[in-house]
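*Asks:* The structure follows.
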Amino acid sequence: HQLGLGVDILDKSRSWLDYSTMNQDFFAYLDSVCADYGFIKRYPSNKLPLTGWDEPYHYRYVGVEVAQFVMEHGICYEEFYAHYDPDFEY
């Protein structure tokens, strides 16, 4: 957040970070277009064992090429990073 690369996105009817109460259609749309702008869903719920966080409303800027690869392959950033650092441990 401090570097401007990460952002928590809420739907317009919520003022707290409770994903289960947010508009799921809005987030489905956001997931379908975020890579076009260089963003990924940073902490998807289904990747909790790898990331250690469950924040499906948190997006991170990684650049268009990386974002498209991550989102198209359904991987998290840790899985992407592991391709480039063989010593990386989850």
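*Asks:* Going through segment 76-90 one residue at a time, which ones are more than 17 Å from Leu48 (Cβ to Cβ) and open to solvent by less than 50 Å² (accessible area, probe 1.4 Å)?
*Replies:* Asp85, the sole residue that qualifies.
*Asks:* Can you name the condition, by its number, that Tyr37 falls short on among (1) over 25 Å from Asp25 (Cβ atoms); (2) at pLDDT 95 or above; (3) of a type in the set (Phe, Trp, Tyr)?
*Replies:* Only one criterion in (1) over 25 Å from Asp25 (Cβ atoms); (2) at pLDDT 95 or above; (3) of a type in the set (Phe, Trp, Tyr) is unmet by Tyr37, namely (1).
*Asks:* Still on this structure, I have one more. From the set of residues in segment 42-90 that are among the aromatic types (Phe, Trp, Tyr), closer than 21 Å to Ser32 by Cα and touching a Phe, Trp or Tyr at 6+ places or on another chain (Cβ under 6 Å), which is modelled with the lowest pLDDT?
*Replies:* Residues of segment 42-90 among the aromatic types (Phe, Trp, Tyr): 43, 53, 57, 59, 61, 69, 77, 80-81, 84, 88, 90.
Filter once more, keeping what is closer than 21 Å to Ser32 by Cα: 43, 57, 59, 61, 69, 77, 80.
Next, only the ones that are touching a Phe, Trp or Tyr at 6+ places or on another chain (Cβ under 6 Å) stay: 43, 57, 59, 61.
Values: Tyr43: 95, Tyr57: 92, Tyr59: 96, Tyr61: 97.
Only one residue tops the list, namely Tyr57.
*Asks:* When you go through (1) in contact with a strand residue (DSSP E or B) (Cβ under 7 Å, 6 or more places away or on another chain); (2) free of Cβ contacts under 8 Å to residues at least 24 places away in the same chain one by one for Phe39, which number turns out not to apply?
*Replies:* (2)
*Asks:* A further question on this structure: Out of Tyr19, Tyr43, which single residue is farther than 23 Å from Tyr90 by Cα and not hydrophobic (A, V, I, L, M, F, W, C)? Explain how you work it out, then say what you get.
*Replies:* On the way: Tyr43 fails: farther than 23 Å from Tyr90 by Cα.
That would be Tyr19, the only listed residue that is farther than 23 Å from Tyr90 by Cα and not hydrophobic (A, V, I, L, M, F, W, C).
*Asks:* Checking Ser32 against (1) at pLDDT below 95; (2) of a type outside the set (A, V, I, L, M, F, W, C); (3) open to solvent by 60 Å² or more (accessible area, probe 1.4 Å), which test does it fail?
*Replies:* (1)
The values are calculated or read from the model by the stated rules, or taken from the named source; none is laboratory data. Treat the numbers as computed from the prediction; the structure is a model and nothing was measured. In this analysis, Cβ positions are derived from the backbone assuming ideal geometry, glycine residues included, and neighbour counts consider all displayed protein chains. Heads up: the accessible areas ignore ligands, DNA and RNA and are worked out on the full protein's heavy atoms, side chains in. Shrake-Rupley method; radii C 1.70, N 1.55, O 1.52, S 1.80 Å.
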